Structure formats: structure tokens, C-alpha cells
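Beneath this line is the structure, given in C-alpha cells, with notes to follow.
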Amino acid sequence: MLPEQHKLRSSSDFTVTVRRGRRIGRKTIVLHIRDTATSKSGNEADTPVARIGGPRIGLVVSKAVGNAVTRHAVSRKLRHVALGLRDEIPSSCDLVLRALPASATATSQELTEDVQSALRSFRRSSRGKR
């Protein structure tokens, strides 16, 4: 399980992260990542959030992935991946991992590689903007 301070909870936080964050797709997942420290203000959801201990992470595993048993298995794998990567994500970031149908048959290793690849892509692009 992810510690409480690392969970993205409210639907408005999910919505803002998905709509305004950077979208990076891979075979098994789509990663939506938004750095709240560099986001433009002007909306309630954009106001700085007090951070304790690091980034906030949310998961979206829809019925397109499979039945309830399959979705829960994918969710467990993605939570484990997120737990291992939380130190690599800037503490000011909100991250939504959306599982694609291919994640139903993916191994934990494949999910980890896709998430790491997406994070590398985010880091490369964010270095160029600074």
C-alpha cells in the first residue's frame, strides 16, 4: 500500500492532473504527471498544496482492462511499481497512472519498465524547459 501522504485522493486532483499535466504513453500505461510547483495559478486546484513526504500518486484501472479480478491484480502491480519509484519522482508532482488493456497480461517487470521509461521521458523534457 502507498502511504497516505503519497495518495492522490480527490477527483478534482485527478482531473487537474490528467487535463493539465504532461501525458506520456507507453504500451501498458499512460502516465499523466503535473509539477504543482511550476503550474500556473489562477484556479483553486492550482493553489500550492502542503506536501509531506513526497509526490502524490493515483491509479486509474478501467473496465477496459478486464474483469474485477484482473483489474485488482493490475492495481496491485501498479501500486507496487509506484511505491518503488516514489523517491525518483519530484516531491512537488502529482502523478496519475492509467492502465491500458495491454496491462492485463503484462508482468510486473513490464509495467515497471513502462513506468520508468515514461518517467525518463518526463525528466528529459523537463530539463529542456528550465
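Coordinate-derived values only; no laboratory data. These numbers were taken from a predicted model, which means no experiment stands behind them. Ideal geometry is used to build each Cβ from the backbone, glycine not excepted, and the neighbour counts take in all protein chains shown.
Worth pointing out:
- As a proxy for reagent exposure, ranking L97, L2 by other Cβ atoms within 10 Å from fewest up yields L2, L97.
- Cβ crowding within 10 Å, taken as a proxy for footprinting-reagent exposure, orders H32, H6, H80, H72 from fewest neighbours to most as H72, H80, H6, H32.
- Of A37, Q5, L85, farthest towards positive along the dipole that unit charges on Lys, Arg, Asp, Glu beta carbons give the chain: A37
- Reachable aspartates and glutamates from K27, criterion Cα separation under 14 angstrom, eight or more residues apart if same chain: E110, E113, D114
- Of the residues S103, S62, S91, the one that moves most in a GNM of the chain with alpha-carbon contacts below 10 Å is S62.
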